[in-house]
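Read the structure below first, then the notes.
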Amino acid sequence: MDALSALKMVTTPPAGGLSANSMQDLAASATKSIPTAELQQLSSINSDSPLQTSGAVSAGSGASFENMLGGLVNDVAQKQASAGSAVTGLLSGQNVSLHQAMISMEEANVSFQMMVEVRNRLLDSYQELMRMQI
Amino acid sequence: MIDALFTDSDYVAAKKMLDVSLLRHQAIASNLANVETPNYKRLDVSPSFEAQLRQAVAGQDSAEIASLQPALAVDTGAISGRSDGNTVQLETEMLKLNQNTVENTLETQLVSGSLARLRLAITGKG
Amino acid sequence: MINLLTGIDSTSSALDAERIRMDVIAENIANANVTKDVDGKPYQRQEVVFESVLRAQQDADSPDAGSQTVQIARVQRDSRPPRMVYNPSHPDANKQGMVAMPNINIHEEMVDMIASSRSYEANLAVVKNARAMAMSALSIGRHS
């Protein structure tokens, strides 16, 4: 998927390189680019503060950001997969209507954009925090 | 978390009604194809399904709406104006054809609009 | 074949069937005065019989189960007897001066032709609408 490789490019790849097709690796690498100690600190801040992060975040222990990102990536992967199967069904003459296929594709696009924006905001806020620590 | 974006009941209702309008077009196509066939009975979307859909939309229950399955049924209210038992009336059917196409366009606009608004909310631009 | 236009099976079958019917009507009109056909007898009027067929690839569970296509079951000869017309100067007149003319009524043929072309036009409108719906579907993801 070309859009996924765009996402990969802006995420610092770990030394060993990324396996091209695994979105789980993508999630892991996105969190690895933020050093683990910092991640723990951020997570503890998160569980202490009364402020909630958006969406369905799992119980605020240890690796909540990692879980959230992982869940997000899984959801997006599912959406992409169902869009792909809708288009395949349409092209192979099965009972998929053109409207269904177009809607599936657009939902997958929107989901993907959502993930990209979440990633952007996370990295922005991480960089903001890093600047504050000195 | 992603699924929460797409569970607004109006959006789900628009998608379901889009499917229904496509199915209705198939019924109308079948009816107009058989306008000269002796003893053919006209088809339409089954009225029990229509009633269920209207209830679910009024109740704004997304899961309920999404689970409904439309189906075609013989229109028992149609009477035959001809000696060969065929219950299709050309003018009525043509009216329904045009009305259905407009409804389909409307549903498509609703769905497309919802998705465009989501995109705007996420990225801040179109 | 990709299914982009809904209901296209029914509509295309109807267009085929109506075209065949038009051909049969045209043949009737062209032969309205043929007193000696290939079999020696006056031309016998032909007529078509329509029948509806459940669409081929349906299973009972798919939502569009029940929609039907149409086909011409057969083209049959009208069994009504030929018209006897008094015309002693005609080369095929019999001893009483009566000629056996084909059993074709022009008014009947014209009415059939109008019905057939109305049905044909109606099915063309169905295709046009199906295409309009497909085009509006293609604009779903379009960014401005």
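The values are calculated or read from the model by the stated rules, or taken from the named source; none is laboratory data. Bear in mind that the values here come from a model prediction, so they are computed numbers and not experimental data. Cβ placement follows ideal geometry from the backbone for every residue including glycine, while neighbour counts extend to all protein chains displayed.
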- [ ] Please work out which one of (1) crowded, with 19+ Cβ neighbours inside 10 Å; (2) more than 14 Å from every other protein chain (Cβ to nearest Cβ) is the condition C:ASN31 fails and give its number.
- [x] (1)
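Do we find a residue being within 9 Å of another protein chain (Cβ to nearest Cβ) and either at positive phi or assigned to a helix (DSSP H, G or I) (or both) anywhere in segment B:74-93?
yes
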Task: Within segment B:104-126, tally of residues that are more than 10 Å from chain C (Cβ to nearest Cβ) and either in contact with a strand residue (DSSP E or B) (Cβ under 6 Å, 6 or more places away or on another chain) or in contact (Cβ under 8 Å) with a residue 12 or more places away in the chain (or both) - done: 3
Open item on the list: Cβ-Cβ distance below 6 Å, separation of 6 or more or different chains: which pairs start in segment B:57-76 with a residue that is farther than 24 Å from B:LEU43 by Cα and in contact (Cβ under 8 Å) with a residue 12 or more places away in the chain and end on one that is of a type in the set (Val, Ile, Thr) and buried (at least 16 other Cβ atoms within 10 Å of the Cβ)?
Closed with: B:SER62/B:VAL12
Task: Residues satisfying the stated conditions in segment C:65-81, i.e. out of contact with any strand residue (DSSP E or B) (no Cβ under 6 Å at 6 or more places or on another chain) and modelled with pLDDT under 80 - done: C:ALA65
Task: Close pairs from segment C:120-144: first in contact (Cβ under 8 Å) with a residue 40 or more places away in the chain and closer than 14 Å to C:SER12 by Cα, partner of a type in the set (Val, Ile, Thr) and buried (at least 20 other Cβ atoms within 10 Å of the Cβ), Cβ under 6 Å, at least 6 apart - done: C:ASN123/C:THR11; C:VAL126/C:THR11; C:VAL127/C:THR11; C:ALA130/C:THR6
Task: Close pairs from segment A:84-97: first buried (at least 17 other Cβ atoms within 10 Å of the Cβ), partner of a type in the set (Val, Ile, Thr), Cβ under 6 Å, at least 6 apart - done: A:ALA86/A:VAL96; A:GLY89/A:VAL96; A:LEU90/A:VAL96
- [ ] For segment B:51-64, state whether one or more residues are among the hydroxyl-bearing types (Ser, Thr, Tyr), more than 8 Å from chain C (Cβ to nearest Cβ) and part of a loop (DSSP other than H, G, I, E, B).
- [x] no
TODO: Inspect all residues belonging to segment C:12-28 and state whether any of them is in contact with a Leu (Cβ under 6 Å, 6 or more places away or on another chain), within 11 Å of chain B (Cβ to nearest Cβ), at negative phi and not aliphatic (A, V, I, L, M).
DONE: no
Task: Within segment B:84-101, tally of residues that are among the aliphatic types (A, V, I, L, M) and closer than 9 Å to B:TYR40 by Cα - done: 1
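Would you confirm whether any residue within segment C:46-56 is closer than 22 Å to C:ILE25 by Cβ and away from chain B (no Cβ under 14 Å)? So that I can check it myself, show each step before the final result.
Filtering segment C:46-56 for residues closer than 22 Å to C:ILE25 by Cβ gives C:46-52.
Subset that is away from chain B (no Cβ under 14 Å): C:46.
Yes, the conditions are met somewhere in segment C:46-56.
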